[in-house]
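The structure appears below as structure tokens.
Taken together, the values in this text are just the output of simple stated rules run on the coordinates, not laboratory data. These numbers were taken from a predicted model, which means no experiment stands behind them. With ideal geometry, Cβ positions are generated from the backbone for all residues, glycine too; neighbour counts draw on all protein chains shown.
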Amino acid sequence: MKDLRLYKMSHGNMNDKAGILDSSILLDSQSTVDVFMKKNLLNNIHDVKKTLSFHCNTGVTTVSKMGYLPGYCTVCFYEYVIANILSLNNVKKKYHMTYVGTACDCFEVHKVDGTNCVFKPSKNGLF
């Protein structure tokens, strides 16, 4: 598997419900699944035989599509979720991570190529 290739998008539509750019990728400590709403961030979106049900902002959701996030792995695709979400727990299983508190208030994902992917909080405190 190649290294995680996440990059901050500087453009996109504002998601009215969450107050975040719909092209942003959130690192979520409360999520147990990786789920994306934006097709253009994923490759090879396809139907799966075994669906996945999980609780989200709209109640219980059943997902039947998956896509590949380049450099990471396969994630759920469901265009009606509120944000593109990576589960903190899932990311830490794949990569070494650190939290840098006083210096930059960020999570750093240490990629295999020696670079870091940095998640900083938004104005609303979402990483």
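Here are a few things to note about the model shown:
- Cut-off under 5 Å, modelled amide H: who pairs with ASN116 long-range: LYS111
- ILE20, ILE85 arranged by Cβ crowding within 10 Å, fewest neighbours leading: ILE20, ILE85
- Taking amide hydrogens as placed 1.01 Å from N in the peptide plane, the amide H of SER31 sits under 5 Å from those of LEU88, each at least 5 positions away in sequence or on another chain.
- Extending 7 Å from the Cα toward the beta-carbon at both THR74 and HIS46 defines two label points whose distance is 0.7 nm.
- Where labels lie 7 Å past Cα in the beta-carbon direction, separation of VAL112 and HIS96 in nm: 1.5
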